[in-house]
Amino acid sequence: MSIRRIALLGSTGSIGVTTCEVVRALGGRVEIVALATGANVEALAAQARTFNPRLVAVADEGRAAELRAMLPGVEVAAGADGLNRVACLDEADMVVSAIVGAAGIVPTVEAIRARKDVALANKEALVAAGSVVMDLVRAYDVKLIPVDSEHSAVFQCLQGNDRRSVRRIVLTASGGPFIDIEPEALGGVTIEQALSHPTWAMGEKITIDSATMMNKGLEVIEAMQLFGLRPEQIDVVVHRQSLVHSMVEFVDGSILAQLAEPDMRGPIQYALTWPERVERPVEPFDFASRRELTFEPPDLERFPCLALAYEAANAGGTMPTVLNAANEVAVDLFLAGEIAFTQIPELIGRSMKAHTVNPNPEIGDILRVDAEVRKELQSVA
């Protein structure tokens, strides 16, 4: 494959750091030409010294001067404009969108408008603004390649198959740390317990989303947009072993599944090198040691966030935007110790109930609804 030049948004987060590891392992096949982070200028400076990008950016404008002092001779941009400059850099042919939360929506949109292919790790761009993003993908004729392990699995299973022949997809969920806890005990769980994921090492926000199973709800909405499916064509099953990352069932009853050890380096590398597969130094999968692969339905009493996500998916329009914004605020409040774990779905449900859906929003409508929901929840929580 020819050298792929990438701009990495969210470079110091979990996915961003792993992407840097993958780039190093690919040994020159991929070059990082721009890096951007929220506020962690120390980590960003270290990455810049390793990869020598043409441009770096920090969303926190107050830290731009520090970053310039750390990186003499390197162009430093700041604020929302800085993130957008990284997303649109001429030298990049792909943008890895790994900013957590709604902050990643506008840079992702700007990358598409600049005709960049996008490796998407930012769920919120498709949850909150999916119809807008996918319309732009088609209008500008760019590739949108999923990085999430579940959507990467579906994407891989669909290679060479007509998407019109898909009956349904099945997204797998580990179940998180509370899969066996009694629902009435969830009100007393601690922040530390909620952050103790049994399988994956992830950032705080997505780890809490896994504990509530909101991450799977967001993935349902994301999959609708990515693969052009209806909510009833997307099922969720709990798969505790986290080896089957998702499945596709076709109209003839055949089911294709993608299996791998739970390691984000695999889907990240596939996104960076697609349509080629590049060798990665991993041990061969040992089928003989895998005595069973189990699947079970999710308990919606224990995980009401998943039910709320399906409700938002069926409502459409701006309702997924409300779901996403309310969830981000509620997770922040829980991590700050201001609400109990069980209040996360309560706050989300309250915001959804109060919302009147705009069925055909534009990007300005989506950003306005997002801001209104955040302001309202922060004032009443």
Looking only at the range 168-209, which residues are at pLDDT 90 or above, of a type in the set (S, T, N, Q) and not in a helix (DSSP H, G or I)?
172, 174, 190
Would you confirm whether or not the range 313-332 contains a residue that is part of a helix (DSSP H, G or I) and loosely packed, with under 15 Cβ neighbours inside 10 Å?
yes
Any chance the range 64-72 includes a residue that's closer than 21 Å to residue 94 by Cα and free of Cβ contacts under 8 Å to residues at least 40 places away in the same chain?
no
Select from the range 68-85 the residues that are among the β-branched types (Val, Ile, Thr) and touching a Leu at 6+ places or on another chain (Cβ under 6 Å) and list them in ascending order.
76
Output for the range 245-278, where each listed residue is surrounded by fewer than 18 Cβ atoms within 10 Å (Cβ to Cβ) and in contact with an Asp or Glu (Cβ under 6 Å, 6 or more places away or on another chain)
255
Those helices (runs of 4 or more DSSP H) completely within the range 27-132 that have 2 or more residues that are under 29 Å from residue 373 (Cβ atoms) are 79-87, 105-113
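Each row is one residue, and each column tells you yes or no for (1) under 23 Å from residue 141 (Cα atoms); (2) out of contact with any strand residue (DSSP E or B) (no Cβ under 8 Å at 6 or more places or on another chain); (3) among the basic types (Lys, Arg); (4) at pLDDT below 95.
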{"position": "3", "(1), (2), (3), (4)": "yes, no, no, yes"}
{"position": "14", "(1), (2), (3), (4)": "no, yes, no, yes"}
{"position": "75", "(1), (2), (3), (4)": "no, no, no, no"}
{"position": "78", "(1), (2), (3), (4)": "no, no, no, no"}
{"position": "98", "(1), (2), (3), (4)": "yes, no, no, no"}
In the range 86-111, residues that are touching a Leu at 6+ places or on another chain (Cβ under 8 Å) and not hydrophobic (A, V, I, L, M, F, W, C) total 4
Within the range 89-133, restricting to residues that are without any contact (Cβ under 8 Å) to a residue 40 or more places away in the chain and surrounded by fewer than 24 Cβ atoms within 10 Å (Cβ to Cβ), the one that is nearest to residue 323 (Cα to Cα) is 110
Taking the range 141-167 and keeping only residues that are in a helix (DSSP H, G or I), out of contact with any strand residue (DSSP E or B) (no Cβ under 7 Å at 6 or more places or on another chain) and surrounded by 14 or more Cβ atoms within 10 Å (Cβ to Cβ), one is left with 151
Mind checking which residues of the range 135-151 are among the hydroxyl-bearing types (Ser, Thr, Tyr) and within 29 Å of residue 237 (Cα to Cα)?
149
Residue 62: crowded, with 22+ Cβ neighbours inside 10 Å and modelled with pLDDT under 95, yes or no?
no
Six or more apart or on different chains, Cβ under 7 Å: which pairs go from a residue in the range 30-54 that's within 21 Å of residue 81 (Cβ to Cβ) and assigned by TED's automatic domain parsing to the domain that holds residue 8 to one that's of a type in the set (Asp, Glu) and assigned to a helix (DSSP H, G or I)? Could you list them?
41/66
Any idea how many residues of the range 310-356 are within 17 Å of residue 195 (Cα to Cα), within 18 Å of the chain's Cα centre (by Cα) and polar (S, T, N, Q)?
1
Pick out the one residue from 298, 359 that is in the same structural domain as residue 217 (by TED's automatic domain parsing) and either touching a helix residue (DSSP H, G or I) at 6+ places or on another chain (Cβ under 9 Å) or not in a helix (DSSP H, G or I) (or both).
298
What tally of residues in the range 1-26 results from selecting those that are touching a Ser or Thr at 6+ places or on another chain (Cβ under 8 Å), in a helix (DSSP H, G or I) and among the hydrophobic types (A, V, I, L, M, F, W, C)?
2
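The values are calculated or read from the model by the stated rules, or taken from the named source; none is laboratory data. The shown structure was predicted, so the numbers you read here are calculated from the model rather than taken from an experiment. With ideal geometry, Cβ positions are generated from the backbone for all residues, glycine too; neighbour counts draw on all protein chains shown.
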